[in-house]
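For reference, the structure is listed below as structure tokens.
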């Protein structure tokens, strides 16, 4: 179980005992942004989970975690989406998402909308208990370390707010990335400061979001790292989108899973895209 | 004051509170016990002092520069106080004039060569007061209002000297709260109880700290060992 | 400077973002506050325990609020304090002015009180025959400037030294001609000293109300609270009912949290307990003491299950660490209380209809909750207000349509997958060299940043194809 998190620095020991991971069924919820914009993150997730010894299934009737509705205050809309998600995933031993915010949505927020529905509340609680963010799952539950992965250069890491604050995702990606040969870490100033994505916030309050991400971009560029890594598509799209708009081609944004699964060379070599 | 409106508002507030949580107990004993339980955590929820000895902890705190604008010294006997005060005047190039609080133990000292009745309504004066207590945790001295203690004596002068009897130096703010409780039980609660932990200060202009905003700029604590 | 209205939030934000130096000015205060708070917490290993204890003190008092209010009233009356009750801010302001008029007051001095701002005392006095004199240095500055406050701890943080130089030269009777901050402070000291001593009535706020003694506690640094309260014949305290704690011993844990969270200092220089009017032989002190206990939406918070917000001890840490506040500043919120705590409070003190936009101007990142000394779950409360807003249909129609459409699709996974695939095709039309600079319906995004193009076809499409191929090949 987790140690108490202090404000003076996140200290955590999230190790959960898991024996015989290969006998457990892991359901992968790829999330709508990964599904639409960056499938390689989904495939990287499968690769890593299988390398860690998991048996992975991807339920086809998956869609979205419901954050857009929840964050807008549409509790009924959230419930409608949650019914689907719960039904699709509750029978797995573990449910894994390559996104801190989507994992946090299921782990922390489904129970918020079922307060008046005791049966669904129980099912939501159960789903919450088996749901994990990908990178923390690999380290804390599977005790996984990548091997034989090489990537030359340096990376800086943006911690997504939900991953960092709600789910204690901090050490785990860094631990795994330290095993990537040739890759150095250049710490990001204000690494856990919000990037201004915030789901619907970035379009509703586009100008404030712009100011926030502009500051994040300044901090990212100041590291002079080759790669911007993170565990959340929303944040990465936001920061990378701003980097590109400002004409900065010198730093490429990747999801940590892509690097750990050895997909970086192919993604970077492929096109102009970050 | 419209007392009818007052009664109505009072009733409205109480009924709104009740309506929000109708099942909450009003059993006073339970409430008091719960309240006391919370205080048991204080021991683990407060900072360590710089020494186990309260006086030493207070002195160390001041000497470490943790109490704004404050210096301190120890005197073995109260009779030496006027001499210390003269040295204070010398250090700050001040005329030998101050306002001594009108308490017997200070008034009866040998103030020869020093004028002791400055008008503190003028600015740039020196005040001397007798503290009821000291608190090591916060580097404070405590004054209580009374016939002998005009509270303004602690606020109007630019320079303030506070005399703290060593035997009245407490470890923690919690210790002072216990004393305040005892005083209340005797129905002797004064109008004001002031915990003063340094000089008047402000950071309101561009975040820059300035001492002596409206109150004292320089504070000197004199701990007297035979008191 | 005209006060912004909360309902003009979007306009206020545009105005704020257009101000060239605003970010620099805000950061001058918030950067220091963040650093100093972090240092204070690092130097206090027992901080988490203190937070837990502080939260318990508040939750306990809130749970038994009617008991403690009755206790407070009984004990305050026993001390000789006159206790007044006000359901609304307007009522509270009227009570204060009535007391002043009964005493034929011409001049009133005020020490800093955000509750006083909340109930509109500033406005009420300025529209009266009485002279209002602010004595807290920041309040003094904004009084001279005619500004509303922009922060609950540093209300004048938006004013530079140059501004203060100009104001003091214009308004002080014996101003300094130096531009040194020390000299500016001295100028204010000189200007206010006689005013303290000749005021008719001293009005203060309260940081804590102690139920077992009927006392009020002020927590300050300048000494202006005591100088405001002691000389005049009458002392009036205005305080929200949530300021209650059971006793001095219960205030102590909160004192340990308050200053560290607000400014990073371990304690403020002046912690004073005010226990009623002058005792018969007291050397100084007011002859009369009044306390105005104010509801103004606090019982509403209890009724709506938002009682956690009543834990707030007004330290300002949430706004110092809020990524949105740090970019738009306090005035944009259009309320006495800005930032995260203000976005939860204002809908209750004012109305959700007027102040719902602020609840959406938040990324729900949770830093505020992280630094709150009493663990208020600010993101959860803000989202609850969004849910209320949604029920009441305050959201613009287009927003509702988009969100509802998305949810409608998401609950039908097959349709969702189909539409996602269509979306990919649509987006490819607009992409150039891997990026989308413009696309219909996405101006909120593409106005300021590029949109990465979809990698290829959707994950589910590729995955199904892959599975089919595997089973076909097997």
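Every read-out reported here was derived from the displayed coordinates using simple, explicitly stated rules and does not represent laboratory data. Not measured: the values here are computed from a predicted model. Cβ coordinates were reconstructed from backbone atoms using ideal geometry, including for glycine residues, and neighbour counts include every protein chain displayed.
Summary of computed values
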| item | result |
| --- | --- |
| For the stretch A:160-274, convex hull of alpha carbons as volume per residue, Å³ | 104 Å³ |
| Nearest 10 degrees, 0 to 90: helix B:54-63 Cα axis against chain B principal axis | 70 degrees |
| Directionally averaged shadow of the protein assembly as shown, computed from the convex hull of its alpha-carbon atoms, nm² | 41.3 nm² |
| Normalised contact order of the stretch A:160-274, rounded percent, pairs of Cα under 8 Å and 6 or more residues apart | 24 percent |
| Convex hull of the stretch C:9-157 built on C-alpha atoms - directionally averaged projected area, nm² | 13.0 nm² |
| Whole-Å semi-axes of the ellipsoid equivalent to the stretch C:270-347 (Cα gyration tensor, √5λ, descending) | 34, 18, 11 |
| Calculated log₁₀ intensity ratio I(q)/I(0) where the Debye formula runs over C-alpha points of the stretch C:315-397, q = 0.13, 0.14, 0.24 Å⁻¹ | -0.35, -0.41, -1.18 |
| Stretch gain in nm, segment residue C:88-residue C:443, where the contour uses 0.36 nm per residue and the Cα spacing is subtracted | 123.5 nm |
| Radius of gyration and maximum dimension Dmax of the stretch C:170-247, Cα, Å | 16.0, 50 |
| Burial order of peptide ranges C:338-346, C:396-404, A:190-198 (average beta-carbon count within 10 Å, highest first) | C:338-346, A:190-198, C:396-404 |
| Mean Cβ count within 10 Å, highest first, over the residues of peptides C:238-244, B:100-106, C:3-9 | C:238-244, C:3-9, B:100-106 |
| Three principal axis lengths of the stretch A:101-223 [C-alpha, angstrom, descending] | 52, 42, 17 |
| Ellipticity estimate at 222 nm from DSSP helix runs (n ≥ 4, -39,500 (n - 2.57)) divided over the protein assembly as shown, nearest 500 | -13000 deg cm²/dmol |
| The stretch B:100-227, relative contact order in percent, only Cα pairs under 8 angstrom and at least six apart counted | 27 percent |
| Alpha-carbon Debye profile of the stretch C:410-473, log10 I(q)/I(0) at 0.19, 0.27 Å⁻¹ | -0.80, -1.09 |
| Directionally averaged shadow of the stretch A:215-274, computed from the convex hull of its alpha-carbon atoms, nm² | 3.9 nm² |
| For the stretch B:129-227, the Rg and Dmax computed from alpha carbons only, in angstrom | 14.3, 47 |
| Solution diffusion estimate, µm²/s, Stokes-Einstein, the stretch C:16-300, Kirkwood Rh from C-alpha pairs, 10 °C, viscosity 1.306 mPa s | 80 µm²/s |
| Calculated P(r) tail over 25 Å for the stretch B:1-115, as whole % of Cα pairs | 62 percent |
| Cα pair distances exceeding 26 angstrom across the stretch A:2-140, given as percent | 25 percent |
| Residue-averaged beta-carbon neighbours from other chains (10 angstrom radius) around C:58-66 | 5 |
| D (Stokes-Einstein, µm²/s), Kirkwood Cα radius, the stretch B:49-224, 0.890 mPa s at 25 °C | 148 µm²/s |
| Candidates A:61, A:121, A:188: whichever shows maximal mean-square fluctuation once chain A is modelled as a Gaussian network with Cα springs under 10 Å | A:61 |
| Residue exposure sequence - B:49, A:236 - by fewest surrounding Cβ within 10 Å | B:49, A:236 |
| Sequence-separation-based contact order of chain C, relative, with Cα cut under 8 Å and 6+ spacing, percent | 20 percent |
| Degrees, to the nearest 10: C:459-473 long Cα axis against longest axis of chain C | 40 degrees |
| Per-residue average of Cβ from other chains inside 10 Å of A:62-71 | 6 |
| Number of partner chain Cβ atoms within 10 Å, mean per residue of A:237-250 | 3 |
| Taking C:270, B:159 and counting other C-beta atoms within 10 Å, the order from fewest to most | B:159, C:270 |
